[in-house]
Each structure stands twice: as structure tokens, then as C-alpha cells.
1. Counting Lys and Arg as +1 and Asp and Glu as -1, each charge on the Cβ, what is the dipole of the chain about the Cα centre in debye, to the nearest 20?
2. Contour minus end-to-end for PHE456 and TYR506, with contour as 0.36 nm per residue of separation and end-to-end as the Cα-Cα distance?
3. Given just the C-alpha atoms of the chain, how large is their convex hull per residue in cubic angstrom?
4. Roughly how many percent of the accessible protein surface of the chain is carbon and sulfur, given a 1.4 Å probe and a whole-percent answer?
5. Choose one of ALA194, TYR508, THR581: the residue whose Cα lies farthest towards the positive end of the charge dipole of the chain (beta-carbon charges +1 Lys, Arg; -1 Asp, Glu; about the Cα centre).
6. With +1 assigned to the C-beta of every Lys and Arg and -1 to the C-beta of every Asp and Glu, and no other charges, what is the dipole magnitude of the stretch 330-386 about the Cα centre in debye, to the nearest 20?
7. Let's test the formula: R0 of 25 Å, r as the Cβ-Cβ distance of GLU66 and GLN140. What FRET efficiency results, to the nearest 0.05?
8. Could you sort 513-523, 98-108 so that the peptide with the highest average Cβ count within 10 Å comes first and the rest follow in order?
Amino acid sequence: TPPAQIRNFCIIAHIDHGKSTLADRMLQITGVVEARQMRAQYLDRMDIERERGITIKSQAVRIPWEQDGQTYCLNMIDTPGHVDFTYEVSRSLAACEGAVLLVDAAQGIEAQTLANLYLAMENNLTIIPVLNKIDLPAAQPEKYAEEIARLIGCEPEDVLQVSGKTGAGVEELIDEIVAKLPPPVGDPDAPARAMIFDSVYDNYRGVVTYVRVVDGDLNPREKIVMMSTRATHELLEIGVSSPEMHPSKGLGVGEVGYLITGVKDVRQSKVGDTVTNAGKPADTAIGGYKDPNPMVFSGLYPLDGSDYPTLRDALDKLKLNDAALVYEPETSVALGFGFRCGFLGLLHLEIVRERLEREFNLDLISTQPNVVYEVTMDDGSEIIVTNPSEFPYGKVSEVREPVVKATILAPSEFIGAIMELCQSKRGQLGGMDYLSEDRVELRYTLPLAEIVFGFFDQLKSKTRGYASLDYQESGDQVADLVKVDILLQGEAVDAFSAVVHKDRAYAYGNMMAGKLKELIPRQQFEVPIQAAIGARIIARETIRAIRKDVLAKCYGGDISRKRKLLEKQKEGKKRMKNIGTVEVPQEAFIAALSSD
Ligand code: GDP
Ligand code: MG
């Protein structure tokens with residue numbers, strides 16, 4: 001297809017504002033997917049995605065459209081809808097010339113709308129503003145059209161009104177995409193350059209790489225080079241997805257499609273990387289490439305120790321499909337053999353955990369998530385800490401922690417509550433803007449560690465669910481952080497060590513000691529629980545001794561009953577972990593690790 005007839009676009013929206021539904025309706029209206037094949041959220045393929053109603057992996061679909069006797073080829077590039085995947089979102093946006101900015105006509109602009117809009121503007125995309133769900137009785141299109149118009153600097157009348165549910169206004173929207181978005185520009189005679197915006201592992205075909213061609217062309221059986229690694233592959237197949245894969249004779253300037261080279265690991269086909277031709281390679285890669293950078297770490301342990309090999313195999317398999325997942329073996333006094341795993345964020349962690357449990361039938365314990373700390377020691381050496389129990393004590397000259405730039409949107413009545421919360425989380429106000437008289441945008445710089453510890457839930461509860469949050473990593477800052485260890489009978493329990501701000505150390509120590517006192521059953525002897533910073537004890541609780549005589553419960557001589565009871569006790573023992581001489585049921589660890 002000549003570039004003049006191509007339009008590449010994506011839909012950006014806050015979660016639940018109807019992106020998937022609108023995408024489905026477009027596929028149906030354009031005949032890409034027949035009505036009887038249509039099932040809700042055709043494009044959200046992974047089970048977890050459909051159940052949670054979120055898009056994790058993006059997809060691209062080629063859509064034909066007739067306008068004024070001319071046939072156009074629209075490529076709709078779906079973007080992942082969660083902050084953990086901001087980088088992937090930015091690469092999907094970079095593959096487009098324009099974005100449909102979709103806003104729920106009953107909700108108005110939310111934090112994710114703004115964050116995505118800012119990303120789209122950074123990529124110089126043409127924005128088409130659209131209000132969705134106008135069929136809802138609660139829709140207030142006039143009010144929110146004005147909000148959007150003020151934000152992007154257009155007239156309220158320019159904001160289209162659609163319903164992804166009924167299909168109203170959707171054809172007009174497609175016409176508008178053709179009319180308003182510029183066609184792609186590129187040099188057809190230059191060496192080939194194509195940007196990877198997604199790569200997915202397929203059991204049968206290996207890695208399927210989605211690309212947007214910028215210059216030149218790519219053709220079947222050519223040798224291609226990944227510019228970040230210089231690795232060479234043969235193009236076994238090239239084609240377009242509509243949305244099933246159809247091989248084609250090649251892809252030219254502005255076109256969007258997929259490549260298959262037979263590689264088995266998505267790490268060999270990285271999002272953001274540039275593909276070029278091995279025979280006639282380009283000099284410079286397309287800008288914006290970054291290696292995935294795990295931001296949040298957690299220990300994953302099988303509940304049943306004998307599942308350890310299964311867990312290892314499962315991680316090896318998941319890794320093929322997830323370039324951002326990292327892990328290495330780890331042992332914990334409390335939890336046994338497991339893995340320290342790195343994730344892009346909390347949702348990524350949850351997804352991986354859920355897939356391990358669901359697809360590989362594993363029962364897992366995960367330790368409290370933590371961020372990565374950079375520590376400079378007095379002698380100038382640097383340590384990267386991904387496990388709090390390894391955080392050094394003494395001789396530390398500086399600790400740096402990651403921070404994020406957060407965008408919070410809420411009705412203005414909650415400004416006070418939000419500021420109070422952010423302050424208690426060591427946040428720094430960067431700015432504040434009113435979107436309308438009664439809705440305000442607050443911009444904060446916050447330590448990522450504070451976001452990881454239940455920030456979103458607290459924000460929701462302090463604003464009766466009205467606030468929305470989005471954030472992006474934003475470098476690091478020096479902070480006064482210490483490690484708090486939790487000791488049972490004088491022995492540190494590694495899984496409970498945490499790195500916290502100095503002012504919060506006592507609170508954390510008291511909270512954990514109190515929690516463990518409730519959770520650990522009494523033993524034959526007294527058990528002290530202590531919280532410590534280095535050698536200094538900052539909190540203490542004691543579990544009093546008890547003489548546990550289970551047989552006393554059985555009166556008289558029913559020997560078989562006694563035996564049963566003893567068997568049962570032995571069973572119970574198996575799931576006990578010994579910390580020194582203290583027996584702790586595994587449930588106590590799990591309960592203590594779960595945040596409330
Ligand atoms: P996404 O998170 O942006 O992909 O949103 P979805 O497409 O999953 O939609 C979220 C919810 O809004 C679902 O329950 C949809 O059925 C509903 N929804 C989406 N579009 C419309 C619409 O135009 N009208 C109405 N009434 N509901 C809609
Ligand atoms: Mg969706």
C-alpha cells in the first residue's frame with residue numbers, strides 16, 4: 001500500500017473508558033471480524049486480560065476502509081493499559097501518526113488519560129478527541145467536551161461523540177481518522193528501518209515480532225539485523241495481522257506487520273529495537289530504545305518445597321514471552337528454596353504470579369515487594385540491593401532510591417486529603433492545575449517504595465474512590481533509609497527484613513513484632529520477638545511459654561484415637577519451619593508477609 005493511503009493510529013484511554021469495546025466495534029463495522037465471530041474484547045487475547053478487563057500485550061490490526069472511492073489501509077495499534085508498561089506504551093505510540101483520545105462521557109478525564117496524552121504529545125501525534133459511552137443516561141457530553149477542549153486546545157464542537165456499545169458515531173470517527181491523521185512519511189530508497197513495538201512468543205511459531213516500517217522495505221527470506229545487539233536472523237515469514245496472521249510479499253514505508261525468524265526468546269526481539277537489512281544496513285537506529293528495567297523485586301517460593309523444579313521450569317518458559325522478567329535462585333531461612341524475581345511494577349508481579357499458579361499449577365508465597373536500592377559505601381564501593389535482607393549496615397555513605405512522577409486527578413474537595421497522604425509518603429508537590437472548577441490535577445514526585453506499599457488503596461479510600469493515579473519512573477534520590485531486621489529468639493528471619501525510611505523504622509518494627517506475636521503459636525519456652533537496626537533493638541514482644549500436651553485432651557484409653565492425634569500432629573510439623581529452636585507454621589509467614 002502506498003503511504004498516502006495508510007493511517008496508523010492507536011486509542012488512548014483511562015482504564016474502563018471503553019477502548020477495547022470501541023476497537024471491537026471498529027473491527028465489526030469494517031467487516032474485519034464478522035458479527036457472529038465477534039466476542040467481547042476480541043483483541044484482549046490472554047485469559048487474564050479478559051478477566052481483568054485490561055490489555056497487557058498490545059496487538060496490531062489492519063483495517064480496510066473506503067472513503068470517496070479510495071481504499072485506505074488503517075493500522076490500529078493497541079497499547080497496554082497500565083503504568084507498569086509505560087515504555088511499551090510509548091513504543092506503540094511511536095509507531096503511529098495519531099491517537100484517538102477516548103474519554104468516558106460520564107467520567108471525564110482521568111489520570112491515565114493525561115499520562116497517555118502527554119506521551120502521545122511527546123511523540124508528536126495528531127490527537128483526535130472523542131467522548132465515548134454517550135448512550136449512558138449519566139453522560140455529560142457538553143461538560144466533558146469543554147474539559148477536553150481546554151486541555152488539548154480545540155473547540156468543544158471538535159470533540160466527537162461515540163458509543164462503542166451501540167456503534168453510534170463510530171463510522172464518523174473512522175472517517176475522521178482518515179481525514180485528520182497525516183499519512184506516514186519515510187524514504188522508500190533508504191536502507192530498511194523498522195521499529196519493533198511488540199514481540200510475542202507463540203508455541204508453534206516461535207517469536208512473532210510486530211514492526212512499523214519507517215524507511216525502505218523488508219522482504220521474505222532476507223537477512224535482517226537487530227540493531228541493539230547486531231544479531232542476524234533470516235526472515236522466514238513476513239505479513240500483516242487482520243487480526244489473524246496473513247503472509248505478505250513484504251512491508252514498505254509506513255506499513256505495520258509481523259516478522260517471524262524462528263527465534264525462541266522474546267529477548268532476541270526487543271521492543272523499541274530497530275530492524276534493518278543485513279545486506280544494506282542503516283547507519284542509525286530509530287531513537288527511543290531502552291532495555292527493560294525491573295523496578296520491583298519479590299521473592300517467589302513454592303509452598304511445597306518439592307515444587308521447586310517445577311517453578312524453575314515455569315519461570316524459564318514464561319521468560320520466553322516476557323522480556324522484562326528477571327529471576328535468580330535464592331534461599332531463605334524462613335521459606336526455603338525459591339527465586340528473587342524482578343518486575344516492571346506491581347501489576348506485572350501479580351500477572352506473573354497468577355500465570356505461574358494458573359498455567360503451571362503452583363502454589364506460591366511471595367515476599368513483600370521491594371524496590372532496588374543503590375548504596376555507596378564509605379570506601380567508595382557501590383552495592384545494588386534487590387533483597388532487603390542484603391542491605392548493608394554500617395559504613396554506608398549514601399543510599400539512593402527510585403522515585404516516580406505521579407499524576408493524581410480528583411474532585412477538588414479532596415485536595416487536602418491527597419496532600420496529607422502524599423506528604424506522609426515523603427512526596428513533593430510539583431504542581432497543581434484545575435481541569436474545571438471542581439476537578440484538579442496534582443503532580444507529585446514520590447519514592448517508588450511508598451507507591452509499592454499500598455499507596456493506591458489509601459488514595460482510593462481517602463477520596464471515596466474518585467481519585468485516579470498514574471506514574472512514571474523518574475530517576476532516583478538520596479534518602480535516609482535503614483534496614484529493619486526481625487529476630488526470633490535472637491535470630492534474624494530474612495523474609496521479614498525491610499528497608500524503610502529512618503523515621504518509619506520504629507513503626508515498622510512495632511507493627512511486625514505485634515503481627516508475629518499474634519501469628520506464632522506459643523512454644524514450650526518463651527520466645528522473644530525483636531526488631532533491630534543493626535545491633536540496636538528498636539521493638540520487642542514476647543510469646544509466653546506454654547506446655548502443649550495434645551494427649552491430655554483424650555481421656556482414658558482409646559489408643560487408636562491417640563495415635564490418630566499423634567499422626568495429625570506429625571502432619572502439622574511438616575509444614576513447620578524451624579527458626580533456631582522456634583517452630584513457626586508456614587501460614588504464619590504467609591500471613592505476616594501479606595499486607596493489610
Ligand atoms: P477499556 O478498559 O478501556 O478497554 O474498557 P472496556 O472496553 O473493557 O469497557 C469497560 C466497560 O465499559 C465495559 O463494561 C463495557 O461494556 C463498557 N462500555 C464500553 N463502551 C461503552 C459504551 O459506549 N456505552 C456503554 N454504556 N458502556 C460501554
Ligand atoms: Mg481493554
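The values are calculated or read from the model by the stated rules, or taken from the named source; none is laboratory data. Here the structure is a predicted model, which means the values were calculated and not measured. FYI the Cβ positions are ideal-geometry reconstructions off the backbone, even for glycines, and counts take in every protein chain you see. We work out accessible area using only protein heavy atoms, side chains counted, and drop any ligands, DNA or RNA first. Shrake-Rupley method; radii C 1.70, N 1.55, O 1.52, S 1.80 Å.
1. Details: 67 positive and 87 negative charges, 594 e Å.
Roughly 2860 debye for the chain.
2. Details: separation 50, 0.36 × 50 = 18.00 nm, distance 2.34 nm.
Working it through step by step, the gained length comes to 15.7 nm.
3. Cα convex hull per residue, to the nearest whole number: 193 Å³.
4. Working: 12940 of 26490 Å².
Answer for the chain: carbon and sulfur cover 49 percent of the accessible area.
5. Towards the positive end, the residue furthest out is THR581.
6. Numbers: 4 positive and 10 negative charges, 59 e Å.
Roughly 280 debye for the stretch 330-386.
7. Working: r = 34 Å, r/R0 = 1.37.
Efficiency at R0 = 25 Å is approximately 0.15.
8. Working: 513-523: 16.8, 98-108: 23.9.
Highest to lowest by the protection proxy: 98-108, 513-523.
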